[in-house]
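Heads up, the thing below is written out as structure tokens.
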Amino acid sequence: ATSVSLSPPSSSLRRAQHVVERWLRQGQRGGWRRSPPFWASPPSCTSPPPCTQRTRRWTPTPPSRWTRWTRSSSAAGCVRFRTPTPTLTLTATLPPPQQTNTKRLDSPAVRKHLNTFSLRELWPVIHMWTMVSQRWVQFVWDAVETVNKEGIEGDIVEAGVWKGGCTMAMVLSNMRHNTHRNFWLFDTFDGLPPPSKEDDEKAKVSYDLIQKGLDKTREANRLVENGKWNYGPLPVVMNAMAFTNYPRDKFHFIKGKVEDTLPVTKLPDKIAILRLDTDWYLSTKAELEYMYERLQPGGLLFVDDFCSWGGSRKAVAEFFEAKGMDAVRASSRRPPKPKKRMSQHP
């Protein structure tokens, strides 16, 4: 049931409201090129610069009780024009929740519907659960597209998931093609453990500052919860995966330090995408030793912290150096545009 009661405004207020609404419509069409009405002219301003020009374009800002007009060129002055504030009372009874659609996710109709979505449209939901930029999440999204189009078999493994945003992107990208891949998520789900002696000094100093509460940067305030760095509890990650509506039996959550859980976990025989984001030396080294050989030909390996932390970079360099291979660093900077050649006049 819904009931609405409004106090009727007086005739003068209705007339003034009509003028303001007409003025707003003109502004939405790019109007206000003439001076505002006399009753909306700004008062004499005491703060510099003096408010002498009344033919400037004005922009509205929408407070709740007052309609305020401020000049776009400077904050020299403003005028307040009172609008009617009717009394509004709403009472509603929500309907019971509907039953979840049980249509199979691997049906052609569902895949055709998912193909209409892009990462840009899904980013407002994904970005809350990841610290990776949209550009690099798009890179991982495209990687899942690549392994599906090229028919590379295997599961998708991510070590270091935080709150599951990057995994959500990979799941939603994979749903555009199939739902038979398994997703393996390795994390402590209790924050980032302390670095070891093999990690660089930057990691040790950063960890100590955060543990002592001395890091007051915006990034630290965002990533520290309950005194723990990069704290992403398991229920939060599971809820993020449930949002994708991917089959729940395809998710495998392995809790604990990866260097402790990998030796006792029955890993998949084939891996199509292996994404490592555990920051430190010992964890990165264990992940490469246990899972790199399971990566299929044509599969993709991502080491997110290769450019950020010295311990992760050291583990990757040692691992591939022992195999006679070189690790390639993917820079986040775009290549410079080629310079235009100047025509030489005789």
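Values in this text are rule-based calculations from the coordinates and carry no lab data. Just so it is clear, the structure is predicted and the values come from calculations on it, not from any experiment.
Figures for the structure shown
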quantity	calculated
The range 108-322: relative contact order as a whole-number percent, Cα under 8 Å and 6+ apart	25 percent
Beta bridges by DSSP in the range 108-322, antiparallel share as percent, to the nearest 5	10 percent
Backbone HN-Hα couplings from phi across the range 141-156 [Karplus 6.51/-1.76/1.60, Hz, Gly and Pro as x]	4, 5, 5, 5, 4, 5, 5, 6, 5, 8, x, 7, 7, x, 8, 10
Under Karplus coefficients 6.51, -1.76 and 1.60, residue-wise ³J(HN,Hα) of the range 190-204 in Hz, glycine/proline x	9, x, 7, x, x, x, 9, 5, 6, 7, 6, 5, 4, 5, 5
Out-of-range pairs (alpha-carbon distance over 29 Å; input K163/K197; K204/K266; K202/K266)	K204/K266; K202/K266
Extension gain, L234 back to N178 (0.36 nm per residue minus Cα-Cα distance, nm)	17.6 nm
